[in-house]
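For reference, the structure discussed in these notes is given below.
Since every read-out is calculated from the coordinates, none of them should be taken as a lab result. Quick caveat, the model's predicted, so the values are computed rather than measured. As a convention, Cβ positions derive from the backbone with ideal geometry for all residues, glycine included, and neighbour counts pool all protein chains shown.
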Amino acid sequence: MSGANDNLVLLREMWARRRANAAPLRAVVDPTGMTRPARHPDEHAFLAERKGLGPFVEVDDPTYRIWRTGKYGTAAEVKEKWARGELGPEHDPWNEPDLTGTEETPL
Amino acid sequence: MSIDQLRRALDEAWNSDREHAERLVLVTAILQTALREAGMVPTLVGGAAIEFHAPGAYTTTDIDLVVERRTREEIHQVLTALGFTKPTRHWVRGDLHVEVPGSYMADPTDDVEIDRFILRVVRKEVVLADRIVGFREWQHSAYALQAMDLIRAFGSELDEDPLRDHLRREGAEQYFEPLRRLALSGRKINEQKLRQIWRRYHDARPPKEEEP
């Protein structure tokens with residue numbers, strides 16, 4: 001057996017072990033009304049078309065996305081900067097221009 | 001390996017009869033190999049990283065990659081060569097959806113060889129910490145649920161020191177123990193219960209360490 005296949009065997013064992021560990025929790029969960037960060041509208045539409053949105057309610061807050069970039073400090077710092085106006089919609093990654101593959105940046 | 005070979009490997013992997021997590025991980029490793037051969041440093045983050053560390057009740061076909069060292073245009077060239085199209089901001093191929101949410105990776109990662117391909121994925125303690133911070137700061141109860149799922153899944157494999165360091169930096173350490181207790185309790189978990197925990201511990205901060 002190759003080293004790579006050894007890794008796959010180990011990975012399958014890890015997944016089986018972790019699934020077994022988590023199974024008792026998954027049996028007592030009611031996800032109704034639970035919230036998660038909003039998906040980008042394009043991704044939302046893509047998943048909705050494939051019935052892949054899952055059970056959670058999406059809540060839109062740009063400070064979450066700004067924090068996830070890792071550029072502006074801790075979550076609390078990002079929210080404080082947002083409240084003080086030091087961060088704004090222009091820092092939201094969803095608002096960054098994307099000219100990839102367009103006429104402005106031809107392949 | 002040529003881009004055509006990688007494209008064929010991607011087709012074979014995604015259309016195989018392997019389980020979902022294995023197909024997702026293998027496809028991601030192939031994508032990363034193609035990006036790496038073009039000089040980039042890609043890392044799997046987000047929901048697919050959770051699926052790698054602990055395949056759960058909610059599967060994903062959304063692959064979030066932080067890609068360092070190249071532009072979106074260069075990423076686009078590699079992904080289109082692999083058969084992806086880009087109808088909007090993201091790249092798609094059949095049921096696969098690839099997003100590049102960032103170009104900066106400060107967190108520790110793991111490299112795992114799968115078949116002939118290397119997968120780089122953000123470390124499990126980082127994934128768990130991000131879920132707890134998302135709960136603390138934005139009250140995302142689904143993230144608390146995912147955090148508890150990960151805590152149970154990892155069991156004694158969890159490295160608590162880096163996890164607690166990460167949570168302490170983010171001011172969210174006070175939620176780790178309550179979520180762990182609930183995860184291990186066997187009690188019913190719902191939105192109301194998680195709201196109670198959020199309110200109870202939101203203003204609690206761990207005692208500051210004494211200065212030398």
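Share of antiparallel DSSP beta bridges in the protein assembly as shown, in percent to the nearest 5? Bridges in the protein assembly as shown are about 60 percent antiparallel. Taking every DSSP beta bridge that has both ends in segment B:3-122, the antiparallel portion is near 75%. Report summary: the helix-based calculation at 222 nm, which adds -39500 (n - 2.57) for every DSSP H run with n ≥ 4 and divides by the residues of the protein assembly as shown, gives -15500 deg cm²/dmol. Between 0 and 90 degrees, rounded to the nearest ten: what's the tilt of helix B:160-170 against the longest Cα principal axis of chain B? Tilt of helix B:160-170: around 80 degrees. Sorted fewest first by neighbouring Cβ atoms within 10 angstrom, B:I151, B:I3 come out as B:I3, B:I151. Shown for B:S156, B:S141, B:S103, B:S16: other C-beta atoms within 10 Å of each C-beta, ranked fewest to most, produce the order B:S156, B:S16, B:S103, B:S141. Ranked from largest, the principal axis spans of the Cα set of segment B:1-102 equal 35, 27, 24 Å.
Relative to the longest principal Cα axis of chain B, at what angle does helix B:124-138 sit, 0 to 90 degrees, rounded to 10? The answer is roughly 60 degrees.
Taking the number of Cβ atoms within 10 Å of each Cβ as an exposure proxy, the fewest-first ranking of A:L8, B:L184, B:L65 is B:L184, A:L8, B:L65. If only the Cβ of Lys and Arg carry +1 and only the Cβ of Asp and Glu carry -1, the dipole of chain A around its Cα centre is close to 840 debye.
Which helices of chain A meet both criteria: a Cα extent of 27 Å or more along the helical axis and a mean Kyte-Doolittle score no lower than -1.0, with helices taken as whole DSSP H segments?
Answer set is A:3-26.
Rounded to the nearest Å, what's the spacing between the alpha carbon centres of segment A:29-69 and segment B:101-159? Just the number, please. One Cα centre to the other: 17 Å.
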